[in-house]
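Asks: This is the structure, below, for whatever I ask next.
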Amino acid sequence: MEVSLKNQVAVVTGSSSGIGAGIAKSMASSGATVIVNYPFEGALEQANSVLKEITDSGGNGMVYQCDVSKEDQVVKMFQDVVARFGTVDILVNNAGVQKDAPFTEMTLDQWNTVIGINLTGQFLCAREAVKEFLRRGIDTSRSIACGKIIHISSVHEIVPWAGHANYASSKGAIRMLMQTLAQEFGGDKIRVNSICPGAIQTPINKNAWETPEALADLLKLIPYNRIGQPEDIGNLAVFLASDMADYITGTSVFIDGGMTTFESFSTGG
Ligand code: BGC
């Protein structure tokens, strides 16, 4: 069996930059038609350049604007994608933001924005995806599963993170959303998993790698001694979405260069 996503349609939320862009490109190069979702008008240019890289290398897809925290927009995105491409086979729930603040200074707006995009957005997209998977049913010319959902979580699904209570809470909750969906729809042959990246070099954590000093500090947390790249996550997402991973469901896969081995304990404890 090969790792292929041929004949499949993948919606990758928040894929105009960062990890999402890496996943979109990897999935397209494995044969999927990819919907490069971007959140607002200002990100259109970036989304177009991701799509251009995809089509320049022989892939297929479209860009689509949708704020995943808005129910009407999410419902419409799935309707439009199904109208254009017939169905959706893969959802990568990637869109996510950080709005960091010391806990006592965190505003309700910072809390609600992060929960709205990182958690409610994943709920809304998963709900529309599952409805479409069930409507279509299994089609073995596409995949032996009825559909696949990949939630992009974080090492902060299990690692507490001072100054980031909203973000860590959203990621912890994604684990329960993922496992509940895997349990609820396993019998329908819908596979649901999470990817938990560590430090990946993207705009969201620029302050952790943009100076040599910051990068040196970051690497103290990573036994494998390099920062991750979006294609590291793209490779894993392709595998998890492919039929090679058919028995994998209900699992969080950590991809972090060993960050969750808690390197600080190598000389202490
Ligand atoms: C965060 C990054 C951070 C990484 C490791 C990710 O989920 O978005 O800002 O560098 O976790 O701490």
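The values are calculated or read from the model by the stated rules, or taken from the named source; none is laboratory data. A quick note: this is a predicted structure, and the numbers were derived from the prediction, not measured. FYI the Cβ positions are ideal-geometry reconstructions off the backbone, even for glycines, and counts take in every protein chain you see. Surface accessibility is based on the protein's heavy atoms, side chains included, excluding ligands, DNA and RNA. Shrake-Rupley method; radii C 1.70, N 1.55, O 1.52, S 1.80 Å.
Asks: How big is D for region 9-258, in µm² s⁻¹ as a whole number, if Stokes-Einstein is applied with the Kirkwood radius of its Cα pairs at 20 °C and 1.002 mPa s?
Replies: Values: Rh = 18.1 Å.
The estimated diffusion coefficient comes to 118 µm²/s.
Asks: On a full-extension model of 0.36 nm per residue, what is the gain between Q73 and N60, subtracting their alpha-carbon distance, rounded to one decimal in nm?
Replies: Going from the current span to full extension adds 2.4 nm.
Asks: Still on this structure, please answer the following. What are the residues whose amide H is under 5 Å from the amide H of Q65, where those residues sit 5 or more places off or on another chain and H is modelled from the backbone?
Replies: Amide H neighbours of Q65, under 5 Å, 5+ apart: Y38.
Asks: When you count, for each residue, the other Cβ atoms within 10 Å and take the mean per peptide, how do 251-262, 212-223 rank with the highest first?
Replies: The peptides rank, most packed first, as 251-262, 212-223.
Asks: A further question on this structure: Note down the net charge around M62, summing +1 for each Lys or Arg and -1 for each Asp or Glu among other residues with Cβ under 11 Å from its Cβ.
Replies: In short, 0.
Asks: While we're looking at this one, here's another question. Rounded to the nearest 0.05, what FRET efficiency do L134 and E2 have when you use their Cβ-Cβ distance and R0 = 25 Å?
Replies: 0.40
Asks: Mind listing the phi-derived Karplus ³J(HN,Hα) values for region 37-54, rounded to whole Hz, using 6.51, -1.76 and 1.60 with θ = phi - 60°, and x for any glycine or proline?
Replies: Values, residue by residue: 7, 10, x, 8, 2, x, 9, 4, 4, 4, 4, 4, 6, 5, 5, 5, 4, 5 Hz.
Asks: Can you work out the FRET efficiency for the pair K220 and I158, with r the C-beta to C-beta distance and R0 = 25 Å, to the nearest 0.05?
Replies: Details: r = 19 Å, r/R0 = 0.77.
Result of the calculation: an efficiency of 0.80.
Asks: Still on this structure: Just by accessible area at a 1.4 angstrom probe, what is the order of M27, M176 from largest to smallest?
Replies: On the way: M27 0, M176 110 Å².
Output order, biggest surface exposure first: M176, M27.
Asks: Further question: Can you give the calculated 222 nm mean residue ellipticity of the chain, where each DSSP H run of n ≥ 4 adds -39,500 (n - 2.57) and the sum is split over every residue, rounded to the nearest 500 deg cm²/dmol?
Replies: -12500 deg cm²/dmol
Asks: Something else about it: Pairs to check: K70/K189; K6/K70; K70/K99; K99/K148. Give those whose C-alpha atoms are more than 26 Å from each other in this structure.
Replies: On the way: K70/K189 28 Å; K6/K70 30 Å; K70/K99 18 Å; K99/K148 29 Å.
Cα-Cα > 26 Å for K70/K189; K6/K70; K99/K148; rest within.
Asks: Another question, then. Could you do me a favour and compute the accessible area per residue for the chain, 1.4 Å probe, result in Å²?
Replies: Result: 46 Å² of accessible area for each residue.
Asks: Return the whole-Å distance between the Cα centroid of region 62-116 and the Cα centroid of region 228-269.
Replies: 23
Asks: Would you mind computing, in nm to one decimal, how far apart the modelled labels at E210 and E45 are, each placed 7 Å from Cα along Cα→Cβ?
Replies: It is 1.8 nm.
Asks: Modelling each spin label as a point 7 Å along the Cα-to-Cβ direction, I'd like the T267/S141 distance in nm, to one decimal.
Replies: 6.1
Asks: Normalised by the residues of the chain, what does the relative contact order come to in percent, with Cα pairs under 8 Å and at least six apart?
Replies: 21
Asks: Give me the percent of accessible area attributable to carbon and sulfur for region 9-258, probe 1.4 angstrom.
Replies: So the carbon and sulfur contribution to the accessible surface is 55 percent.
Asks: Through the Karplus equation 6.51 cos²θ - 1.76 cosθ + 1.60, θ set to phi - 60°, convert the phi angles of region 209-219 into ³J(HN,Hα) values in whole Hz; use x for Gly and Pro.
Replies: In residue order, the calculated couplings are 9, 6, 10, x, 5, 5, 5, 4, 5, 4, 5 Hz.
Asks: Please compute the Kirkwood hydrodynamic radius of region 108-228 from all pairs of different C-alpha atoms, in Å with one decimal.
Replies: 16.3
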